[in-house]
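**Student:** Please see the structure below; I have some questions.
We did not get these values from a lab; they are worked out from the coordinates using the rules stated. Keep in mind it's a predicted model, so treat the numbers as computed, not measured. Cβ placement follows ideal geometry from the backbone for every residue including glycine, while neighbour counts extend to all protein chains displayed.
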Amino acid sequence: MDPKLRISSEALAKSSCQMMGDPSRNFNLGQPFIQFNPTNLCYGGGPEQTFPEFTPTPDTETHGLYQPEPQVNSANQFKPSPNVDTAILDWDPRLILSNLSFLEQKIHQVQAIVQSIINQEGRLSNRANEMVAQQQLVTADLTSIIIQLISTAGSLLPSIKNTLVSTNPSASRLGSVIGATPSFGLNVSQQQNAVVPMEVPKASACDKLIDNLNTNSCGKEGSELIKGLHGYGNEDVELIKCVKSCDGEGTELAPLEDHDVKDSDDGVDGENLPPGSYELLQLEKEEILAPHTHFCVICGKGFKRDANLRMHMRGHGDEYKTPAALAKPNKELTSEPALIKRYSCPFVGCKRNKEHKKFQPLKTILCVKNHFKRSHCDKSYTCSRCNTKKFSVIADLKTHEKHCGRDKWLCSCGTTFSRKDKLFGHVALFQGHTPVLAVDDAKVSGTSDQARANEVMNGMVGTLEYNFAGSNLDDVQNLNIKGVDSGRGCFSPMNFDACNFGGLDEFLRPASEVSESPFSFLPFGSSNLIQGSGQN
Amino acid sequence: MLCSAGIPASTPSSASSTPSSPSPTSSLSRPEKRRKTAALFPNYSPGKVTTMRNPQPSDSILTVLPVDLLVQILDRLPDTGDRKSCRLVSRGFLRAEALRRRALRVLRREALPSLLRRYSFALESLDLSPCPALDDAALAAAVHTSGGLRTLKTLCLARATGIGWRGLEALLAACPRLEAVDLSYCVGVGDREAAALAAAGGLREVRLDKCLGITDVGLAKLAVGCPVIETLGIKWCMEISDLGIDLLSKKCRDLKVLDLSYLKVTNFCLQSISCLGKLEDLTMVGCSQISDEGLRFLKNGSNSLRSIDVSRCSNVSTLGLVSVIEGHKCLQKINAGDCFPELVPPFLTMLGDIRHTLKVLKIDGFHVSASSFWIIGMDCKHLEEIGLAKCKGVTDQCISELVTHCPGLRTVDLTCCHLVTDNALIAIADHCKRLECLLSESCSLISEKGLDRIGTCCSDLKEVDLTDCHINDTALKCLSRCSELTMLKLGLCPNISDKGLFHIGSNCRKLLELDLYRCTGATDGGLAAIAAGCKNLKKLNMCYCTQITDEGLKHLSCLKELLDLEMRGLVHITSAGIAAIAFGCRSLVELDVKRCYSVDDASLWALAQYSKNLRQINISYCPVTDMGLCKLLGTLRCLQDAKLVHLMRVSIEGYELALRASWDRLKKLKLLGGLRHFLSPGLLQMLKARGCRIRWVDKPLVLGV
């Protein structure tokens, strides 16, 4: 796997990708190509949406044309479908592979163009027009590559995977359709590019990059673009071969799906925003721990995402089906550049709390959620293998379970390492820590250890061992706050009904994924339990 | 020797014990002392000690003396035998001894509990290395009965293969002030034992040579548990790698002495070691992955290093040592033996930087020339020891260049310098008046002419190795002028006869070690002279001196101090001679009678009866039978090492029985490979579980010498 891709997928995760259930903006093939200006791709995403000539029509019906197979998306979640569960987990590595190959081809192409520019530079100094045109072509290609890359990476994330499946043509169809139309490459880019801006609504680095590219390529002429895009179409024929030859190999990409929100909150941000340059928000504890933030005014059902709510609203009447109602509500407000938003942890004393001397803001709401759960909440998820490690974020548990049992190098503090040199580095760093002999295992998992003793004394999960791992070191205090309990009763019982009703609700998905995984430790009922406790 | 000769073998105090604190030397001469002892014990008479075990008469002067005075008396008795006699005849002295004894060396497991109980008051040093059949349970029980050894500082458990972590934990828990532990050659010791050691946090000195089970993890435990450790020996601990050394050097900043010999460590570990600011002694014998590049890390040292030993590191040259000298200007000892054998000019130049401190230089196996010796001699005027074993190109001129400028030389090793002649010896004798040790094995060109000068000039000479030098009786006569001689090796000198040995015996009365290997000219008369003159002889090798008979052994039987006797291939000796030795040489610890074809069961019976301290025996090829073997192995409580190859008259059942009778104390065993399939697996398992290592040999039976 290309490490760059990995990074971009993480970056995407950081920007709290709220993949909407919206259907893709299906560009009509007959549309003039001038409309496929990369600027338009940012539709709905960046605040600088100033291209009124392009009016997308988010139409689910047309989308259906592209999806003859019964695909599940959140739009049709109210219509019970027989293969709902399988579709949720449907993720085609072949599609990813084809996307990647596509990218590779494109990059080679751009390379060739740039090379030719270099070659021409010496002798064709007077043909400035051509140079400009070629530059624009390169810019357009690069933009396209970046967008494609982001979209591919985004499809690896479980949180948006469902939606992506619904918006992208499935891989099998990719092969069958590509040959039919020479401009299919354009087609694919259009679809995926249209999706991208919605994945990054938070004006993150991705957005800025795209904006940059947009401004550069604004004045380009359509003809060049057509040239370039036709090129894609030709190469897609090769791509199909590639996909076919790679049948069945794509599964190795699967592990990437867990790189969702892992490193998003507590890592050193690196950004040094001056205090006044951003809008600082502080959510309340209850708000952070609430499973849903958007509620239906009619039936009361809660949603994590605004878009899902809008999809849901369609079922309440025709007035919710208009494009205006389905459009992103704050779209109109984006005409003026919004202030960057940063978040503060509500826990006083925490480094992420605005009162702290060395305050470091959190970037997104997702960061806030993960940070708060990790640092100030009970660790309610216990690893079923070792029965010692506990986590408050289920993704952390899943990551741990992948490695649990493989870490044979154990320190007396309870931290395990997969490599001896890492353990020795750890032991060298901390006073009084010693490696644990294999035969002493029983002793450590018992109560002899200091960290263990602490835990027993507190009668709750100690955060010590987690701290030693170094992932939480910037937190000054490690207190076990029973925030979950104190927030009890904030939500109406309607939520429970809604949850039971919406078996497809996004909130349920992590739990159901866990039960699907080889490390299944929670029966389905218990996943409901978790959900219930999360709602308290 | 007041009365130890009269004590029967069944005396209850069977454990010999030696005091570590050197007693103040008594000003009394021997006859005076005898009179004094006689005054202390009214009914004392040398011949009737056995009767002294009765309760003391009430009118004894001892009853009125307070204990502290008795302690004073004991302190003034320099001879251990004398003190033993006092303990044996008086409860007062026994109590006094319990108050003053600092060191204890236990020879019998049975005696351990009572000894620890009695001497736990002031005991500082405990040596359990010769104690046979010591296991965790016995040790823990003994420690328990002692009620804690609160003053113990030094503990030696070398070769105590039966000891595991349980025993160590029990022992260390009872010794809160322990500072030094020696677990060398306990091959079974591993990480758990190291972890047990780590529990005694105050350890300063730890020896773990050839503890094969110790890995980086065990070393890490030790390093974390004992941060004040100063001396650490982990020679032959093959599992330890750079990682462990790295952690060690990070955790134990006070380390002064470190022995990493034969470890599979690389240059990386030297980088870690270079951070040890107090390191004085670094030994890295046979670390083949260390190179000059690694030694370069020591370049920026803090002048702390006093001694470096990189011998047998095949990838190290003197160029690497240049960097070491650059960082450590106070080096006293350099051992580069068997490294890359070139003395590079930068090294010779750098020697000038340490001219005031360098005392020991060993360059075994190097290619040398007279010019380089001239430089060494000019630079290192304070040299006390030079090692040139197997050097190529060592001539008389080289030696004279060296010794003219180094008058302080005390040890000269010329082993296998074949070109060296009498002229070199004369040069040495003329310049090095304080010479103490001359090793000239295989210098076949030297003769009585050179040794004459040595004997005249070097009156301090203590150790001489003339193995394979073809010297004659005249040379011995010259050498015998060195009355301080303690070690003399005359192996493979067939020209030596009784005449030469007579000179040695009559003049070198301090001799402790004599090697007559294959001196076929030596006969019983020579042995008589040696036995008469060298009363303190501890080690005697007379293998293949085929003329020696039982008569010679009878002469030797007066050597009370004899510990180690090797007499392989003495075909003329019989049970009578062995019995005389067994009866006379009560201290005997090691005995080798391999290929003595006339030694039979009767000899073994005698040994079993009298040689209670025998620890090692080799009776291979001897015509002993089942009975003798069973008696020997079953009776000798100290026997730990037995070589029993090609005992033609011993049956499988005989082996089985004998080994079963001694399975719990045997640590090393040498047997014919064929027996592997005939001895019961249970027995072999038992032996193995006890830490006994069996060496199976597959040699054809060849009789003859």
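**Student:** Enumerate the amide H contacts of A:Cys413 below 5 Å, restricted to partners 5 or more residues apart or on another chain; note that Pro and chain-start residues carry no placed amide H.
**Tutor:** Amide H to amide H, under 5 Å and 5 or more residues apart or across chains, A:Cys413 pairs with A:Thr434.
**Student:** Moving on. How many Cβ atoms of partner chains, on average, are near each residue of B:185-193 if near means within 10 Å of its Cβ?
**Tutor:** Numbers: counts 0, 0, 0, 0, 0, 2, 5, 4, 0.
Mean partner shielding for this stretch: 1.
**Student:** Specify the inter-centroid distance of the range B:235-278 and the range B:640-677, based on alpha-carbon positions, in whole Å.
**Tutor:** 41
**Student:** Would you tally the net charge around B:Lys477, using a Cβ to Cβ cut-off of less than 11 Å, leaving B:Lys477 out, and scoring K and R as +1, D and E as -1? List each step's numbers first, then the result.
**Tutor:** Numbers: positive: B:Arg481, B:Lys499; negative: B:Glu448, B:Asp452, B:Asp473.
Cβ neighbours under 11 Å give a net charge of -1.
**Student:** While we're here: Summing +1 for each Lys or Arg and -1 for each Asp or Glu, what net charge is found among the other residues whose Cβ lies under 13 Å from the Cβ of A:Leu429? Show your work: numbers first, answer last.
**Tutor:** On the way: positive: A:Lys422, B:Lys250, B:Lys251; negative: A:Asp421, B:Asp246.
Summing Lys and Arg as +1 and Asp and Glu as -1 gives +1.
**Student:** Can you check what the net charge comes to around B:Val624, using other residues whose Cβ is under 11 Å from the Cβ of B:Val624 (Lys, Arg +1; Asp, Glu -1)?
**Tutor:** Details: positive: B:Lys631, B:Arg649; negative: B:Asp600, B:Asp601, B:Asp626.
Spelling it out: positives minus negatives among the neighbours equals -1.
**Student:** Also, quick follow-up: If amide hydrogens are placed 1.01 Å from N in the peptide plane, which non-local residues have theirs closer than 5 Å to the one on B:Ala103?
**Tutor:** Here the answer is B:Ser20, B:Ser21, B:Glu124, B:Ser125, since their amide H atoms fall under 5 Å of that of B:Ala103.
**Student:** Apply the membrane-span-like helix rule to chain B: whole DSSP H runs, Cα extent along the own long axis of at least 18 Å, mean Kyte-Doolittle hydropathy at least 0.5. List the helices found. Let's see the in-between values first.
**Tutor:** On the way: long enough: none.
Span-like helices, by this rule, are absent here.
**Student:** Ranking request for peptides B:97-110, A:314-327, B:343-356: highest mean number of other beta-carbon atoms within 10 Å first, then the rest in descending order.
**Tutor:** The most tightly packed comes first, giving B:97-110, B:343-356, A:314-327.
**Student:** Still on this structure, I have one more. Just how large is the dipole of chain B about the Cα centre, in debye to the nearest 20, putting +1 at every Lys and Arg Cβ and -1 at every Asp and Glu Cβ?
**Tutor:** Numbers: 89 positive and 73 negative charges, 493 e Å.
The dipole magnitude comes to about 2360 debye.
**Student:** Quick check on chain B: take the gyration tensor over C-alpha atoms, sort the square-rooted eigenvalues as a ≥ b ≥ c, and tell me if it's rounded (a/c under 1.5), prolate or oblate.
**Tutor:** Numbers: a/c = 1.42, a/b = 1.19, b/c = 1.20.
In terms of gyration-tensor shape, rounded.
**Student:** Separation of the range A:386-428 and the range B:340-378 by C-alpha centroid, Å?
**Tutor:** 54
**Student:** Still on this structure: Within 10 Å of each Cβ in A:431-437, how many Cβ atoms from other chains are there, averaged over the peptide? Don't skip to the answer; put the middle values down first.
**Tutor:** Working: counts 3, 3, 2, 11, 12, 3, 10.
Partner-chain Cβ atoms within 10 Å, mean over residues of A:431-437: 6.
**Student:** Still on this structure, I have one more. Taking amide hydrogens as modeled 1.01 Å from N in the peptide plane, which residues meet the under 5 Å criterion relative to A:Leu281, leaving out close sequence neighbours?
**Tutor:** A:Arg342, A:Tyr343, A:Ser344
**Student:** Past 22 Å, Cα to Cα, is the threshold; run B:Lys560/B:Lys612; A:Lys420/B:Lys221; B:Lys510/B:Lys538; B:Lys221/B:Lys250; A:Lys301/A:Lys328; B:Lys84/B:Lys539 against it and keep the listed order.
**Tutor:** Details: B:Lys560/B:Lys612 13 Å; A:Lys420/B:Lys221 14 Å; B:Lys510/B:Lys538 11 Å; B:Lys221/B:Lys250 13 Å; A:Lys301/A:Lys328 19 Å; B:Lys84/B:Lys539 24 Å.
Among B:Lys560/B:Lys612; A:Lys420/B:Lys221; B:Lys510/B:Lys538; B:Lys221/B:Lys250; A:Lys301/A:Lys328; B:Lys84/B:Lys539, the Cα-Cα distance tops 22 Å for B:Lys84/B:Lys539.
**Student:** Can you tell me the order of B:539-550, B:275-286 when each peptide is scored by its average per-residue count of other Cβ atoms within 10 angstrom, highest first? Walk me through the intermediate numbers first.
**Tutor:** Working: B:539-550: 21.2, B:275-286: 19.2.
Highest-to-lowest ranking by the protection proxy: B:539-550, B:275-286.
**Student:** Quick check on chain B: helices-only [θ] at 222 nm, where DSSP H runs of length 4 and up contribute -39,500 (n - 2.57) each and the sum goes over total residues. Nearest 500, please. Display every interim value, and only then the final one.
**Tutor:** Numbers: 27 runs with 248 residues, N = 705.
My calculation for chain B gives -10000 deg cm²/dmol from helical runs alone.
**Student:** Now for a separate question. Hey, what do the phi angles of the range A:357-369 turn into as Karplus ³J(HN,Hα) couplings, whole Hz, using 6.51/-1.76/1.60 and θ = phi - 60°, x for Gly and Pro?
**Tutor:** 4, 9, 4, 10, x, 9, 7, 10, 4, 4, 4, 4, 4
**Student:** Follow-up. From the Cα gyration tensor of the range B:360-430, with a ≥ b ≥ c the square roots of its eigenvalues, which class applies: rounded if a/c is under 1.5, or else prolate if a/b is larger than b/c, or else oblate?
**Tutor:** rounded
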